[in-house]
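Take a look at the structure set out below.
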Amino acid sequence: MNATLIAVALSLVSAGAYAAAAVAQARLAGRTDPSAGALRLMGRGAWWSAVGLNAGGALLHVAALKYGPLTLVQPLGALTLVAAVPLGARSAGRRVSRTEWRGTLLTLVGLAALLLAAGGAAPHDTLSLPEALGVGAVTMALVAALGRPGTRPGLRHAAASGITSGVASALTQTLTVAATDHSGPLLSWRLVTVAVLVSFFALGGLMLSQTAYRGGLGAPLAVVTLANPVAAATIGLILLGERLQGGALGLVPALIGALAAVQGVVLLSRAQAGSTAGSAPAPAGAASEPAVTAPAVTAPPSRIVITNTSLTAPRPAEPFTLHPQPVGSPGGPG
């Protein structure tokens with residue numbers, strides 16, 4: 001089995017692990033108070049399950065980066081959303097919709113075109129220390145800009161999560177290649193700095209995605225899925241010397257595949273957002289409405305009003321109807 005097939009196989013399993021983690025995080029976010037801090041999340045078993053799944057997916061992803069370039073491995077991360085469709089549908093107790101199947105097909109076709117255009121050679125170039133520090137500084141500036149208060153915080157946090165995760169993957173590839181080719185000492189300033197940046201961005205991406213999923217899984221996961229390969233591929237093409245097969249002509253299938261994958265991801269995100277808004281809130285409203293509105297508000301006030309009127313109406317009339325009887329026939333009513 002050549003390096004490209006190994007990278008693809010590892011990426012497929014990694015995407016499945018990431019999808020399961022995303023579904024677990026979305027369910028946890030829906031059951032957690034938005035004001036809850038990180039320490040409260042860490043006390044939940046579901047949080048550690050999501051962390052374990054993310055860690056497993058990350059390890060498989062790191063192994064895939066050893067055998068394939070960023071332009072090959074990172075686009076396969078879109079399969080996370082494809083795998084999350086049946087997992088999310090099963091978790092919600094529903095079937096996969098026709099729109100979701102269309103989105104899945106478009107995503108797979110787009111990924112196939114990207115795989116044909118991506119370079120298949122195993123990576124050899126790594127980031128230098130100034131390049132790694134520059135990438136880290138630019139990433140933190142982007143995250144700070146996306147994290148500012150404003151509209152659509154979920155999508156902005158999702159974009160920040162995708163960028164930090166993509167940068168962490170690019171830095172991880174530098175760490176993996178440099179540590180396995182034995183070209184220098186493992187405890188050099190460059191590798192130690194890159195390892196710290198990888199840990200920082202990986203944890204930051206996880207926390208940002210947890211925040212983004214509070215508004216639902218579909219659209220935030222789609223943004224994460226799109227921002228991740230864009231950030232990583234940008235670093236690969238600009239700083240690591242990665243190239244598309246076929247040179248300039250290779251851009252044609254790459255662009256077609258990217259457009260198809262984006263359209264598929266958008267369809268999937270819309271379908272999941274619609275199913276979340278249409279099915280998830282309904283049971284909660286149906287359960288709370290009868291308990292609060294019907295018995296507590298409608299029924300008791302109407303009965304109290306009727307009872308009060310029936311008690312107060314005879315009392316003013318009672319003296320007028322009973323006054324003559326005691327005078328004319330004292331023993332009649334008895």
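The values are calculated or read from the model by the stated rules, or taken from the named source; none is laboratory data. Note that the structure is a prediction, hence the values are computed from the model and not measured. Cβ: placed from backbone, ideal geometry, glycine included. Neighbour counts: every protein chain shown. Keep in mind that these areas ignore ligands, DNA and RNA; they rest on the heavy atoms of the full protein, side chains included. Shrake-Rupley method; radii C 1.70, N 1.55, O 1.52, S 1.80 Å.
Output the number of the condition that residue 70 fails; it satisfies all remaining conditions of (1) closer than 16 Å to residue 174 by Cα; (2) at pLDDT 85 or above.
(2)
What about residue 117, is it modelled with pLDDT of 75 or more and open to solvent by less than 70 Å² (accessible area, probe 1.4 Å)?
Against the criterion (modelled with pLDDT of 75 or more and open to solvent by less than 70 Å² (accessible area, probe 1.4 Å)), residue 117 does not qualify.
Quick check: is even one residue across region 22-44 buried (at least 18 other Cβ atoms within 10 Å of the Cβ), modelled with pLDDT of 80 or more and not hydrophobic (A, V, I, L, M, F, W, C)?
Taking every residue of region 22-44 in turn, none turns out to be buried (at least 18 other Cβ atoms within 10 Å of the Cβ), modelled with pLDDT of 80 or more and not hydrophobic (A, V, I, L, M, F, W, C).
Please work out if residue 77 is out of contact with any Leu (no Cβ under 8 Å at 6 or more places or on another chain) and either surrounded by fewer than 16 Cβ atoms within 10 Å (Cβ to Cβ) or under 20 Å from residue 25 (Cβ atoms) (or both).
yes
So, of the residues in region 83-107 that are open to solvent by less than 20 Å² (accessible area, probe 1.4 Å) and under 27 Å from residue 236 (Cβ atoms), which turns out to be nearest to the chain's Cα centre (by Cα)?
Ranking the candidates gives 84 first.
Hey, could you check region 213-242 for residues that are modelled with pLDDT of 75 or more and farther than 20 Å from residue 202 by Cα and say which is most open to solvent (accessible area, probe 1.4 Å)?
The extreme case among them is 238.
Looking only at region 45-59, which residues are modelled with pLDDT of 85 or more and surrounded by fewer than 20 Cβ atoms within 10 Å (Cβ to Cβ)?
52, 55, 56, 59
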